[in-house]
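Only one structure is covered here, and it is reproduced in the block below.
The values are calculated or read from the model by the stated rules, or taken from the named source; none is laboratory data. These numbers were taken from a predicted model, which means no experiment stands behind them. For neighbour counting, all protein chains shown are included, and Cβ atoms are generated from backbone atoms with ideal geometry for every residue, glycine included. With ligands, DNA and RNA removed, areas are computed over all heavy atoms of the protein, side chains included. Shrake-Rupley method; radii C 1.70, N 1.55, O 1.52, S 1.80 Å.
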Amino acid sequence: MKPLKYILIFGILIYGCQSNRDGYQITERTEIIKKDNCEVPISYPEISGLADKEKARKLNKVLKEFPEHEYYANNCEELGESNVKGDYRVLLKTDSILSIEFRTLIERKNKKVDTIYHSVVLNPKAKDTTEFGIVGIEPNEIIPNFERGKIYPYVKKYSTENNNYINLLAYETGSNYVITWAISDKDFIVYVGGEGEWFGNNRIKIPLKELK
């Protein structure tokens, strides 16, 4: 299992440069990670406009490195991956919520493309005392009366219909498993298949109105 450099502390649109109406901006950065015979083009978000420059620096380090594209560049030949690239989408940007979906697209030698999802949901302006400069947000801080068991039927249905093994225990009420999730203005998104490991292999959208 690949190492996780940055663990988000959970507790507390689109590409390119975005409006500063929320007091900060998101700018797209791109680069190519080169390791031996592998080249991985990536795009990632960068925050600017925060009064706390040190916090912005730490946030940007995490936003660049959290999807662990260095890992895929280091192992692309060993894992039989012929083409890898990384990108992201900003799903929600408000004054107090920034929700970002990261995608690692892996083209296998048979041309099948697998997607690995990571996600970040945070309050860019909140004060924090963490090493990483991130103050994570729990779903119940955004969705009134949220409980994890409300996700369970959607995940079970997806697992059954797609014959896809998912650790359903992670979505039961009271579960402490790490789950990977994000939020947009209309949907709660859960990334399933990597429960407890800070990533997901598939994407399920659940209307927010169904979870309130």
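Quick one: Leu92 ticks every box in (1) in a loop (DSSP other than H, G, I, E, B); (2) modelled with pLDDT of 90 or more bar one, so which box is it?
(1)
Scan region 94-104 residue by residue and report those that are under 14 Å from the mean Cα position of the chain (by Cα), open to solvent by 10 Å² or more (accessible area, probe 1.4 Å) and within 23 Å of Glu141 (Cβ to Cβ). Steps first, please.
At the first step, the residues of region 94-104 found to be under 14 Å from the mean Cα position of the chain (by Cα) are 97-104.
Now narrow it down to the ones that are open to solvent by 10 Å² or more (accessible area, probe 1.4 Å): 97, 103.
Result: Ile97, single match.
From the list Gly196, Gly200, which one is farther than 30 Å from Gly49 by Cα and in contact with a Ser or Thr (Cβ under 7 Å, 6 or more places away or on another chain)? Talk me through it step by step, then tell me what you get.
Values: Gly196 fails: in contact with a Ser or Thr (Cβ under 7 Å, 6 or more places away or on another chain).
Unique residue meeting the criteria: Gly200.
Being β-branched (Val, Ile, Thr), within 16 Å of Leu208 (Cβ to Cβ), touching a Phe, Trp or Tyr at 6+ places or on another chain (Cβ under 7 Å) and modelled with pLDDT of 95 or more is the requirement here; does Ile151 meet it?
Spelling it out, Ile151 is indeed β-branched (Val, Ile, Thr), within 16 Å of Leu208 (Cβ to Cβ), touching a Phe, Trp or Tyr at 6+ places or on another chain (Cβ under 7 Å) and modelled with pLDDT of 95 or more.
Checking the conditions here, which among Glu77, Glu107, Glu70 is at pLDDT below 85, touching a strand residue (DSSP E or B) at 6+ places or on another chain (Cβ under 8 Å) and surrounded by 15 or more Cβ atoms within 10 Å (Cβ to Cβ)? Talk me through it step by step, then tell me what you get.
Details: Glu77 fails: surrounded by 15 or more Cβ atoms within 10 Å (Cβ to Cβ); Glu107 fails: surrounded by 15 or more Cβ atoms within 10 Å (Cβ to Cβ).
The match here is Glu70.
Are there strands (runs of 3 or more DSSP E) fully within region 101-192 with at least 2 residues that are in contact with a Pro (Cβ under 9 Å, 6 or more places away or on another chain) and closer than 30 Å to Ala73 by Cβ? List them. Give the steps one after another, and end with the answer.
Numbers: elements: 113-122, 180-183, 187-192.
Filter on region 101-192 gives 113-122, 180-183.
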